[in-house]
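These notes are about the structure you will find just below.
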Amino acid sequence: MFADVIVDIQHEKLDKIFQYRIPEELESRLQPGMEVFVSFGKGNRQIKGYVTGFSEKCEYDLSKVKSILSISEKGMEIETRLIALAAWMKEHYGGTMIQSLKTVLPIRQKENAKVKKHLRLLLSEKEGEEKLAFYRKKNQKARARLLEALLADRLLDYELVTGKLNITLPVIRALEEQGVLKLESEQIYRNPVQQGTQQERTITFTSEQEQVIRGFREDYLAGKRKTYLIHGVTGSGKTEVYMEMIHTVVEHGRQAIVLIPEIALTYQTVMRFYRKFGDRVSIMNSRLSAGERYDQMMRAKRGEIDVMIGPRSALFTPFPNLGLVVIDEEHEPTYKSEQIPRYHARETAIQRAKEEDASVVLGSATPSMEAMYRARKGEYVLYEMRHRSRMQQMAKVYTVDMREELKNGNHTILSGKLQSLMEERLERGEQIILFLNRRGYSGFVSCRECGHVIQCPHCNVSLSVHKGGKMVCHYCGYEQPKIRVCPECGSGFIGEFKAGTQQIEEMVRRRFPQAKVLRMDMDTTKKKDAHTKILSAFANEEADVLVGTQMIVKGHDFPNVTLVGVLAADMSLYTDDYRSGERTFQLLTQAAGRAGRGMREGEVVIQTYSPEHYAIKAAAAQDYKAFYEQEIRYRELLGYPPAEELMAVLAAGEDERLLETGCKYLKEYVLRIKGKAPLEVIGPASPGVDKIKDIYRRVIYIKAPEYRTLIRVKDLMEQYIEINSGFAKLINPEWSLFSKSPIRHWLSRQTGTACFRFSPI
């Protein structure tokens with residue numbers, strides 16, 4: 001018997017199975033998924049690896065096959081079914097197998113168990129009194145003090161004894177030797193969930209909710225495992241539906257994973273689930289300590305948890321009997337990983353569900369174009385919930401043309417309409433949310449005389465002004481002091497343009513001094529539990545106004561919020577991304593959905609310079625169908641996903657000339673091999689940011705009606721790069737091709753000094 005091992009070296013030439021002998025002493029212990037130590041290479045360097053399986057036959061020269069050295073005592077074991085998922089991710093999203101294995105293993109090291117110690121009195125009351133009198137007679141004050149406390153309470157916490165009573169361990173050991181007490185230890189789990197005291201509320205479901213719950217239950221009991229898309233307006237009660245679906249699964253001894261797009265959503269989501277499922281709910285996210293994450297993984301592995309809630313990494317929770325994966329706000333781009341393998345949680349969840357006989361539920365008020373396209377084609381079961389759960393009216397939306405505001409002499413970012421509505425709400429004791437998709441104190445710094453914009457010296461992006469007199473690059477972190485004179489023309493007329501969340505916060509405080517204001521963005525949520533503290537304070541009505549970025553408009557439910565102001569609706573509208581209209585519509589609709597979720601009517605003010613744009617008009621009307629119909633016509637006309645398949649090849653290098661030459665050769669080759677295939681090649685072009693950290697970037701797009709056409713072209717491009725030695729000479733060691741876009745598949749291959757990665761979007 002031989003062990004199949006993936007060595008922990010992230011190099012594509014070594015991305016294959018290596019076989020090792022299994023020593024006799026390890027035969028009974030070794031299992032697939034274990035981390036092991038092996039000898040590797042001519043120098044017999046000791047490295048780590050993961051066992052992916054066992055083989056009866058060896059594919060290598062037996063004389064050269066080495067033995068496994070040992071099993072890692074600290075390494076975490078990967079579940080067999082997650083090894084299979086990792087193999088699928090490698091195939092579909094590229095990278096190496098070791099990268100995929102580490103992705104499906106959120107906790108890579110065992111942590112020391114948290115132990116709770118107690119002191120238990122072993123003597124009867126009479127024996128204890130006699131012993132106490134003896135200690136006092138001998139003037140053994142510490143022993144007497146401890147025994148006296150134990151006579152009052154026969155079980156004492158160790159920390160209390162050593163802390164408040166000031167008893168040392170030698171004293172405790174002495175009494176233990178005398179048979180007076182016993183020092184006991186028990187393992188306890190670090191629980192990151194701050195347990196609330198609220199009881200489960202009785203919920204009366206609407207007919208639309210009942211239809212979804214009943215349909216899912218019937219399918220599940222019939223053994224039908226499907227993918228469902230719930231398209232429900234904001235406030236339609238999707239979370240209550242999720243919980244009933246999970247209840248069905250839990251009733252049959254299985255577990256559920258609930259994915260949320262932002263850590264900021266954890267607080268409210270967990271509290272709602274906790275009321276129904278109690279302490280069998282847990283969370284997983286990057287803000288937890290290593291010990292907390294380890295404990296939750298172990299609890300899940302042992303079946304002590306029924307529901308795990310968290311962002312996309314929670315998808316890899318090692319449940320023994322997974323029955324359901326719920327992806328809330330499935331349209332969010334945060335479900336796409338930006339690290340290799342660049343997996344999408346939606347596709348990966350569907351694959352895991354297929355392997356483990358589980359169901360998948362996707363939910364959103366603004367489903368992604370891909371999800372709705374597949375639902376309309378019949379690949380997903382589509383349920384629609386068109387009304388709010390308590391039949392509240394949708395918020396009334398006002399669209400304000402900021403060009404007219406400027407003409408009327410209003411030079412602030414707060415329109416007259418928004419200011420008057422804010423005054424009304426503050427007088428009535430109602431709450432307000434102001435949404436701006438920009439952090440920092442202000443936007444770019446520009447000279448009013450020559451028009452020069454202050455840019456990062458390492459990236460082709462403007463620097464943002466932050467409070468404290470510094471300008472910061474949001475891409476590479478470069479900082480420099482705020483300048484007073486234009487470096488191009490020497491003019492002193494240089495100023496800040498566009499507001500950031502910090503500036504909005506200060507503006508609101510000045511304009512409404514009576515208002516209590518909170519701000520929530522990346523800068524205010526860096527510390528652990530910062531999200532929870534800000535959101536709980538606002539939920540408890542400790543503040544009147546919440547100013548923030550995208551994280552405040554995703555899934556939160558504040559009944560007393562009756563006014564939402566979208567301060568810069570155009571900010572995401574004119575980016576160089578074919579999804580810009582979709583993302584703008586989603587953001588505006590989600591923001592509008594935060595108003596009027598209680599019993600009071602809500603109002604929304606959308607401030608824009610493009611009120612005529614179809615995405616803004618559809619968002620103001622909260623009409624998803626109208627937006628989808630217009631957007632899908634646009635995608636079909638231009639051949640963009642989901643109507644056609646698109647592959648992006650993003651190239652980066654230090655030498656701009658070599659980069660341009662390499663892209664030219666690659667494009668010419670694609671045009672030569674395409675033949676009569678309906679293939680379109682666009683570029684090379686500059687992406688939105690064409691230089692980051694002194695690395696230049698170019699992108700080539702390849703479009704085709706069918707996915708297999710892109711696969712064929714990709715394979716041929718790989719072969720061309722690998723066999724063409726002249727091509728390799730054109731490219732310096734810093735060259736790479738990669739994608740940051742959401743993708744379905746990913747493949748990479750390294751040849752010499754060049755690395756090429758092709759990503760169909």
Sequence-distant residues sharing a close amide H with Arg519 (under 5 Å, placed H): Val547
All-pairs alpha carbon distance profile, segment 207-385, 10 Å steps from 0, percent: 10, 41, 39, 10, 0
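Could you state, as a whole-number percent, how many of the C-alpha pairs of segment 93-146 are farther apart than 16 Å?
Working: 961 of 1431 pairs.
Summing the P(r) tail past 16 Å for segment 93-146 gives 67 percent.
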Hull shadow area, averaged, segment 2-103 [alpha-carbon convex hull, nm²]: 6.6 nm²
Tail weight of P(r) past 20 Å, computed on alpha-carbon pairs of segment 114-188, percent: 22 percent
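Rounded to the nearest 500 deg cm²/dmol, what is the calculated helix-only ellipticity per residue at 222 nm for the chain, with -39500 (n - 2.57) per DSSP H run of length n ≥ 4? Walk me through the numbers on the way to the answer.
Details: 22 runs with 250 residues, N = 761.
Taking each H run of at least 4 residues, the total per residue is -10000 deg cm²/dmol.
Can you tally the net charge around Leu322? Count Lys and Arg as +1, Asp and Glu as -1, for every other residue whose Cβ sits under 9 Å from the Cβ of Leu322.
Working: positive: Arg81, Arg254, Arg352; negative: Glu356, Asp357.
Spelling it out: positives minus negatives among the neighbours equals +1.
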Stokes-Einstein D in µm²/s, Kirkwood radius over Cα pairs - segment 498-643 at 37 °C with 0.692 mPa s viscosity: 197 µm²/s
Karplus-derived HN-Hα couplings along segment 239-255 (A = 6.51, B = -1.76, C = 1.60, θ = phi - 60°), whole Hz, x at Gly and Pro: 4, 4, 5, 3, 5, 5, 4, 5, 4, 4, 5, 5, 4, 9, x, 10, 10
Cα extents of segment 579-636 along the three principal axes, largest first (Å): 42, 23, 15
Of Lys377/Lys625; Lys74/Lys116; Lys667/Lys703, those spanning more than 19 Å from alpha-carbon to alpha-carbon: Lys74/Lys116
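So what is the orientation-averaged projected area of segment 96-238, using the convex hull of its C-alpha atoms, in nm²? List each step's numbers first, then the result.
On the way: hull surface 72.2 nm².
Computed as one quarter of the Cα hull surface, the answer is 18.1 nm².
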Note, ³J(HN,Hα) from phi for segment 223-238, Karplus 6.51, -1.76, 1.60, rounded to Hz, x at Gly and Pro: x, 8, 9, 10, 9, 10, 10, 9, 9, x, 4, 4, x, 7, x, 5
Residues whose placed amide H lies under 5 Å from that of Tyr380, excluding near-sequence neighbours: Ala375
Debye intensity ratio in log₁₀ form over the Cα atoms of the chain, taken at each q of 0.10 Å⁻¹: -1.19
Sequence of His252, His613, His331, His411 once ranked by neighbouring C-beta atoms within 10 Å, starting from the fewest: His411, His252, His613, His331
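Mind checking the dipole of segment 1-84: about its Cα centre, +1 per Lys or Arg Cβ, -1 per Asp or Glu Cβ, Debye to the nearest 20?
Details: 12 positive and 14 negative charges, 67 e Å.
Around 320 debye, computed over segment 1-84.
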Proximal aspartates and glutamates relative to Lys396, as straight alpha-carbon distance under 12 Å, when same-chain residues fewer than 8 apart are discounted: Glu601, Glu603
Reach of Lys336 by Cα under 16 Å, taken over lysines that are not fewer than 8 positions away in the same chain: Lys90, Lys740
Proxy reagent accessibility, fewest Cβ within 10 Å first, across Ser462, Ser282: Ser462, Ser282
Candidate lysines for bridging to Lys482, where Cα separation is under 23 Å - those fewer than 8 sequence places away on the same chain excluded: Lys467, Lys470, Lys498, Lys691, Lys693
Burial ordering of Glu56, Glu330, fewest other beta-carbon atoms within 10 Å first: Glu56, Glu330
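None of the figures in this text is laboratory data; all of them are computed from the coordinates on show. As the structure is a prediction and not an experimental result, all values here were calculated from the model. Every residue, glycine among them, receives a Cβ derived from its backbone with ideal geometry; neighbour counts consider all protein chains shown.
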